[in-house]
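J.: Have a look at the structure that comes next, please.
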There are 2 protein chains.
Amino acid sequence: MIQQLLAHIAQFCTIPADKAAGLEPFFVQKEFKKKELLLTEGHRCFEKYFIVKGCVHLCYLKQNGSEQTIDFALENWWTSDFMAYQQGTAARFSIRAIEHTEVLSISDSSQRKLLEQVPELNAYFHRVFQRAYAASQMRVRYLYDFSKEQLYLHFLAHYPEFTQRVPQYLLASFLGFTPEYLSELRKKFLS
Amino acid sequence: MIQQLLAHIAQFCTIPADKAAGLEPFFVQKEFKKKELLLTEGHRCFEKYFIVKGCVHLCYLKQNGSEQTIDFALENWWTSDFMAYQQGTAARFSIRAIEHTEVLSISDSSQRKLLEQVPELNAYFHRVFQRAYAASQMRVRYLYDFSKEQLYLHFLAHYPEFTQRVPQYLLASFLGFTPEYLSELRKKFLS
């Protein structure tokens, strides 16, 4: 598993081989069955996750009892409830495996020790989080700007992999549609 | 100006005094009058900005010709169109001074040289961008979850400084309201 993380790190920065060899003990390998929770809303969030294999969604329970999906993550993505992770507070989101999922998880305290030992990794996380934040700026623009139909077409064009792997009811929730409306749109654009 | 950035950096990480003393030449000090643009949508985005004094808003032109504000930034915040900044592409947002604003700007190429010389700053940017991304996860939740009235009350409770400094028409745009609707809400909750 660690090889995949090392390959991802190598895309962003260089760390000395001896330090790379010492990375593994800081991470915990975890596997989750389809529909199993990595993180439960309301519980303390101690970890962030690097997805080695699989796909998850980030969601929360709405006041009406239904579940709202706000994000997905798949291979080579980092995911967590980052506010809860950095503040050590109760999670405001759940994270659930959509498929059988394998992750490398790291706690905040392990990460502190890791970054003391391999400070070069700050360059990796700097790039990863700047990129994630950049994408979130664009996402906010789309949320303000796009009609529901445009949102769907944008998602289809830019994230074709998700539309193959993510169940339609989760995609509908993410896009803010009812499953029926998504089904109508699919028919319209497939025909 | 650099003292304020150094003080902000010190909140997140420690850099040796001799390196801290060498930081200034990597940044360009800039001043913008009220309503002056730091960045223009459609132009290449070469810089990111650390706000030393003042307040700016991030916006774009909608298809109907009106302007949509999607974010604000004030003292000690970093702002840019980060997607355009990191990809060297045309900006999808404009950034405009709401007040007389003083910034330290840094180009991507200067930042590369800076981080080679002071790699400790990656720890600073790692923390800054993880925090910004964490806030954006919560923001997406609010955009999905809150009614317009709840959005307004949340903003009022969590960002009282903005409501003092930001013109009402920009606040209305940010919240997705018409200025008239914001005016009604203000009356309702002030009375």
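The values are calculated or read from the model by the stated rules, or taken from the named source; none is laboratory data. On a predicted model such as this, the values are computed, not experimentally measured, just so you know. Here Cβ is always computed from backbone atoms with ideal geometry, including for glycine, and neighbour counts include all displayed protein chains.
J.: Could you identify the single residue in B:177, B:162 that is assigned to a loop (DSSP other than H, G, I, E, B) and more than 7 Å from chain A (Cβ to nearest Cβ)?
T.: Working: B:162 fails: assigned to a loop (DSSP other than H, G, I, E, B).
Of the residues listed, the single one that is assigned to a loop (DSSP other than H, G, I, E, B) and more than 7 Å from chain A (Cβ to nearest Cβ) is B:177.
J.: Here is a further query. So residue A:49 ticks every box in (1) away from chain B (no Cβ under 13 Å); (2) farther than 18 Å from residue A:121 by Cβ; (3) assigned to a strand (DSSP E or B) but one. Which box is left unticked?
T.: Tallying (1) away from chain B (no Cβ under 13 Å); (2) farther than 18 Å from residue A:121 by Cβ; (3) assigned to a strand (DSSP E or B), residue A:49 fails exactly one: (2).
J.: Could you list all residues from segment A:62-94 that are more than 8 Å from chain B (Cβ to nearest Cβ), closer than 16 Å to residue A:176 by Cβ and in a strand (DSSP E or B)?
T.: Within segment A:62-94, A:67, A:69, A:72 qualify.
J.: A further question follows. Within segment A:135-145, is there a residue that is within 15 Å of residue B:137 (Cβ to Cβ) and among the polar types (S, T, N, Q)?
T.: yes
J.: Among what's in segment B:115-130 and is closer than 11 Å to residue A:129 by Cα and more than 7 Å from every other protein chain (Cβ to nearest Cβ), pick the residue that is surrounded by the most Cβ atoms within 10 Å (Cβ to Cβ).
T.: Per the stated criteria, the residue is B:128.
J.: Return only the number of the condition from (1) in a strand (DSSP E or B); (2) under 19 Å from residue A:11 (Cβ atoms); (3) not hydrophobic (A, V, I, L, M, F, W, C) that residue A:131 does not satisfy.
T.: Only one criterion is unmet by residue A:131, namely (1).
J.: Oh, and also: Within segment B:85-101, can one find any residue that is of a type in the set (D, E, K, R), under 27 Å from residue B:20 (Cα atoms) and modelled with pLDDT of 95 or more?
T.: First, pick out the residues of segment B:85-101 that are of a type in the set (D, E, K, R): B:92, B:96, B:99.
Narrowing the set further to residues that are under 27 Å from residue B:20 (Cα atoms) leaves none.
No, segment B:85-101 contains no residue that is of a type in the set (D, E, K, R), under 27 Å from residue B:20 (Cα atoms) and modelled with pLDDT of 95 or more.
J.: Still on this structure: Out of everything in segment B:37-46 that is away from chain A (no Cβ under 13 Å) and under 15 Å from the mean Cα position of the chain (by Cα), what residue ends up being farthest from residue A:136 (Cα to Cα)?
T.: Of all residues in segment B:37-46, those away from chain A (no Cβ under 13 Å) come to B:37-38, B:40, B:42-44, B:46.
Still in the running and under 15 Å from the mean Cα position of the chain (by Cα): B:37-38, B:40.
Details: B:37: 22, B:38: 21, B:40: 20 Å.
Among those residues, the one meeting the criterion is B:37.
J.: Also, I was wondering about something else. Would you confirm, using the coordinates I've provided, whether residue B:102 is surrounded by fewer than 21 Cβ atoms within 10 Å (Cβ to Cβ), touching a Lys or Arg at 6+ places or on another chain (Cβ under 7 Å) and not aromatic (Phe, Trp, Tyr)? So that I can check it myself, show each step before the final result.
T.: Numbers: surrounded by fewer than 21 Cβ atoms within 10 Å (Cβ to Cβ): yes; touching a Lys or Arg at 6+ places or on another chain (Cβ under 7 Å): yes; not aromatic (Phe, Trp, Tyr): yes.
Yes, satisfied.
J.: Quick one: which residue in A:59, A:45, A:55 is within 30 Å of residue A:176 (Cβ to Cβ), at pLDDT below 95 and not basic (Lys, Arg)? Lay out the reasoning, then the answer.
T.: Numbers: A:59 fails: at pLDDT below 95; A:55 fails: at pLDDT below 95.
Unique residue meeting the criteria: A:45.
Every residue, every condition in (1) touching a helix residue (DSSP H, G or I) at 6+ places or on another chain (Cβ under 7 Å); (2) hydroxyl-bearing (Ser, Thr, Tyr); (3) farther than 20 Å from residue B:165 by Cα, yes or no:
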{"residue": "B:4", "(1), (2), (3)": "no, no, yes"}
{"residue": "B:12", "(1), (2), (3)": "yes, no, yes"}
{"residue": "B:18", "(1), (2), (3)": "no, no, yes"}
{"residue": "B:23", "(1), (2), (3)": "yes, no, yes"}
{"residue": "B:29", "(1), (2), (3)": "no, no, yes"}
{"residue": "B:37", "(1), (2), (3)": "no, no, no"}
{"residue": "B:50", "(1), (2), (3)": "yes, no, no"}
{"residue": "B:58", "(1), (2), (3)": "no, no, no"}
{"residue": "B:77", "(1), (2), (3)": "no, no, no"}
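J.: Moving on. Of all residues in segment B:134-159, how many are out of contact with any helix residue (DSSP H, G or I) (no Cβ under 9 Å at 6 or more places or on another chain) and not in a helix (DSSP H, G or I)?
T.: 2
J.: Right, another one. Would you check if residue B:84 is more than 20 Å from residue B:174 (Cβ to Cβ) and touching a Cys at 6+ places or on another chain (Cβ under 9 Å)?
T.: On the way: more than 20 Å from residue B:174 (Cβ to Cβ): yes; touching a Cys at 6+ places or on another chain (Cβ under 9 Å): yes.
Considered against the rule, which asks whether it is more than 20 Å from residue B:174 (Cβ to Cβ) and touching a Cys at 6+ places or on another chain (Cβ under 9 Å), residue B:84 comes out as yes.
J.: Would you check if there is a residue in segment B:98-109 being closer than 30 Å to residue A:175 by Cα and within 14 Å of another protein chain (Cβ to nearest Cβ)?
T.: Going residue by residue through segment B:98-109, those that are closer than 30 Å to residue A:175 by Cα are none.
Checked segment B:98-109: no residue is closer than 30 Å to residue A:175 by Cα and within 14 Å of another protein chain (Cβ to nearest Cβ).
J.: Tell me the residue from B:113, B:35 that is touching a residue at least 40 places away in the same chain (Cβ under 8 Å), outside any helix (DSSP H, G or I) and among the basic types (Lys, Arg), please.
T.: Numbers: B:113 fails: outside any helix (DSSP H, G or I).
It is B:35.
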